[in-house]
Structures are given as structure tokens and as C-alpha cells.
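Let me begin by presenting the structure, written as C-alpha cells, before commenting on it.
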Amino acid sequence: MGILDFLARSEKPKQVKYKNLYRNYAGANSGRLYGDFVASSFSSDSELKNALPVLRNRSRDLARNNEYAKRFLNLIKTNVVGEKGFNTQVRARNEDRSLDASGNAIIENAFTAWGKVGNADVTGRLSWLDCQRIAAETLARDGEVFIKKIRNRRFKNNFTLQFIEADLIDDQKNGRNEKNNNEIRMGVELDDFHRPVAYYVLTSHPNDSFFTTPRAREHVRVPAEEVIHLFMPTRTHQTRGEPFMSPAITGLKMLDGFAEASLVAARAAASKFAVLTSPSGEDFVGDDETEQDVPVVDFEPASIFQLPQGQDLKLIDPNHPTTTFEGFQTAILRGIASGLNVSYTSLSNDLTGVSYSSIRQGTIEERDHYKMLQSFLIQHFCEPVFQAWLENTMTAGDVPLPIDKYDKFADNVVFRGRGFAWVDPQREINANIQAVSNGMVSLSDVAANYGRDVEDVFSQIQSDKEMAERYGLKMAFEPFGAKFPAEPDVDGFEDGD
């Protein structure tokens, strides 16, 4: 057999055809089952550009009119900020590593005085605690918070805050700055590293024409070092923040509509009525007429009457509410609670069938989320405000401390969020006692769980003991050390009697 015969008989290599190039990842499959799975590959800013105003407005509408959305925002304010807000503790030390007690007290007292109503914001209506609550609620509802740091001698300590609504940061301002070629995205000017350089703030609200004469769309360029922009990015290079309720907006709106329809249907079912029918439709006169000239008849309880010949009575009896309403509402609310990162029991106030172990597990996960939000607000809001306040206060000479000590106090401030009481306080206290006794945690750790500083605890106990001595009282407990039986103190008896 010649070489030509061998080549003629050889078969061509088979072509391997892949029906599905993504067969190793089922989530990337195509076909009819995935036909409605619409996904985009746009950047985070491209996806937000047109959706952000709609998401923000719908989130605000739900906050005004939906009870579960309102409950969610109240949960954020209550559990993240709480009754007393973030506790400020300055822990600066001297060169010998001892605490600078006098300097720390001066700074803490001055910051507390500045935080009173009338000082913390330009309107004079908010305290520092109010500012914390507004920041937490706005962050959850709008997805972002803008705060301008105002330096002016007309305000206490030459410093105050000005909250700017997200609507005033013009999301239609895009392009480049002609002077420095910086990119502008949704009202935020960025440098080559995507670092904010300035914010373009509208001089008036674009939809506030009811009280003032409409103005042209004018901007004020505010340097980024004067603005605190709070938002929690979900993707890198994200310039603006999205509302926390974004994943739950559809569920909240549809559930609200379903509940409204069920309520109306239940009201109709409770108002049973009937209609009279006849072949001609014109034989019935009735006792009265509606506004549309339709005859009606009045029924009295336990009455029996005879219909004219040819007429028939049909009862209208809507069957609402149905037995499936509660189960359906519970299922939808569970999904909404998951999207909002809160427990179902907290969002719905429904404790049906809740056990100690189940509510404990849900509470732990929910509180971890609140603690994460506390850490975010401390790092991105409380600390920058304190540092800006301290710089202006020391520069203005409102505290008897030189400006060269700024770093000493600014770098050693601690903010503590509110603590959380346990589901079973007795178990928690016993667990803390065992942990401290075995050296697993410190007293500082235990105090921090309650949102307090251990030095404040010691100071308060000492103050209570001194007060008891001034009033001639003996305290029946000793908080630290071994516990011994109390010795009786009886007048007229001596040892050995």
C-alpha cells in the first residue's frame, strides 16, 4: 500500500461541538429556563445613574406610608444609636504612659457642651445625639448622607454641622472639569485614583417650588475635605450609595397592595348585600334610590317578605379574608426581613411559636449586623466630626490646651455604641462571672458589651460608696474580690461575749 492510499483512507479529526460553553457552571446556562434572567455587566455607577433617584424616592415613600418600612428605620435608630448615642471617651496618655486625666476630662467636657441642642448643627434645632440618629436613619433610607463641616466663629467652638439632602448633590452633573480634567460622576468630582475631590451642590432643591420662586439649576463646588459622605459601597469604584431597602422595595410594595386588597375584600364580606333580578329589569321600584338612580330596598333583621312574580333574590357573599392570608404574609415578610438584615420577629412583632433557642439565634445574628453599622458610623462619622471639632476648638483657644497637642488627643478617642441586654440576663451574668474568673475576658470586655467604659464603672462604684459613707450607710455588697458572710454589728456586745 502506497503512501497515497494511506492518506486517502485516513479519517479526518472529528470536530467537537459544545452545545453549552458554560456547562461547568449551571448558573451561567442559557435557554428557556433562563430567558427571564436579565443580568448586566455595567459598572456600579452606570447601574446607579438612572436608578438612584427612583430607588431613593420609593424608599422615602415606603418610609412614609408602609408600616414595615417605618419599623425597619426605627429598628436601625434604636439598635444602632440607641437612647444615649455613642459614648465618647478620650484616653490620651502622658510620656510616662499614665493617663492624662485632666486633659482628657477637659476635652470630654468641652465636646459634651458642644453637643447640646443649639450647637451641633446650623439650624440650632439638633443636638449631637439628634445628628447621630438622623445620620443612621438617612443612611438606611436614602443610602447615603452628606454633611458639610462649617467653620465659623458665630457657632460654638468655631464649628458646626450642616446636613445636605442627597437630592442637592446633582446626579445629572456628569462629564469632566475643564480646569483640571477630573471626571465628574453624579455630582461628585474624582481624581485619577477615583478619590473624591469636590461635590457639586445645588443652590436650591430641584423640587421645592411650592415655597420659593424656581431658580435656574446652579451649583456650588464644595471641596471634598469640607464634606462627610457616608455610604456603604457594595462594589469597588462606586461613587454614590444605594438605599438599604432596595432589595425589599418590590416585596414591601406588593405585600402592601395585597394587604390593602384583602382588607377591602374583608370589609365587603362583612357588609353582605343582595340584588334583585327580573326578566325585564324594570319592575322593581324599591324603597330608595342611589345617586346613580338605582333602586334599593331596605332589609330589617329577622324579616320575611315575598318577591313579586318573576323576580329573584341573589345574595352577594365575598369569601374574605381567606385562611391563606396569614401564611402568605408570613412567607413574604420572611424574605423582606432577610433583605433588610433584620430578624422576622423584630420586623413583624410576631412572637408566635418562638422558642428561647430560636429567638436567641436570630437575636445574635441581628445584633452582629447592628454592631457592624455601629463600627461604620464610628469610623466614618463620629471620629471625623470629633477630629474636625477638636482642631477648630483648639485653634480658637476655647480649651486651655495648645494646638501642638492635637494629635495626642485626636488619636486616642474611643466611641462606644450602645450595649445589648441578653435574652436571659441571669445566664449572661453568670457566664460573664465565669469568664472573668477564668481569665478568658477582662472587665473592660464585659463593660464594653453593655456600651460602657470600665473606668466609668469603677468611678461610679467609688462615687456610690463615698455617697453612702456621707449619709452614714453601709453597703451590703462588695463588687470585687472574694465574698465572705456578713458580720453582724450589734451595739452593747464585745468580742468574746
Requested in this report: Please list Ile461, Ile107 in order of solvent-accessible area, largest first, computed with a 1.4 Å probe with all protein chains present.
Outcome: Ile461, Ile107
Query raised in the report: Counting other Cβ atoms within 10 Å of each Cβ, which trypsin sites (Lys or Arg not before Pro) in segment 153-261 have at most 13 and sit in a DSSP loop?
Result: Arg153, Arg154, Lys179, Arg215, Arg217, Arg235
**Report entry** In sequence order, calculated HN-Hα J values of segment 113-128 (Karplus, 6.51, -1.76, 1.60; Hz; x Gly/Pro)
**Finding:** 5, 5, x, 6, 4, x, 10, 6, 9, 5, 6, x, 9, 10, 9, 5
Query raised in the report: If R0 is 45 Å, what FRET efficiency do you get for Arg91 and Leu351 from their C-beta distance, rounded to 0.05?
Result: 0.65
Report summary line: For segment 180-247 the GluC sites (Glu not before Pro) that pass both the DSSP coil test and the at-most-11 other-Cβ-within-10 Å test are Glu218
Requested in this report: Would you mind working out the accessible area per residue for segment 184-246, using a 1.4 Å probe, and quoting it in Å²?
Outcome: 59 Å²
Report task. Would you check the accessible area of His380, probe 1.4 Å, heavy atoms only, in square angstrom rounded to 10? Result -> 80 Å²
Query raised in the report: So how exposed is Asp130, as accessible area in Å² (1.4 Å probe, rounded to 10)?
Result: 40 Å²
Query raised in the report: Heavy-atom accessible area per residue, segment 59-165, 1.4 Å probe: how many Å²?
Result: 45 Å²
Report summary line: For segment 423-475, listing trypsin sites (Lys or Arg not before Pro) in a DSSP loop whose Cβ sees at most 14 other Cβ atoms within 10 Å gives Lys474
Query raised in the report: Given q = 0.19, 0.26 Å⁻¹, what are the Debye log10 I(q)/I(0) values for segment 111-188, with equal point scatterers placed on the Cα positions and solvent ignored?
Result: -0.84, -1.13
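The values are calculated or read from the model by the stated rules, or taken from the named source; none is laboratory data. Predicted model, so just to flag it, every value in this text is computed and none were measured. Heads up, the Cβs are rebuilt from the backbone with ideal geometry, glycines too, and the neighbour counts pull from every protein chain shown. To get the accessible areas, we keep the full protein, side chains included, count just its heavy atoms, and leave off ligands, DNA and RNA. Shrake-Rupley method; radii C 1.70, N 1.55, O 1.52, S 1.80 Å.
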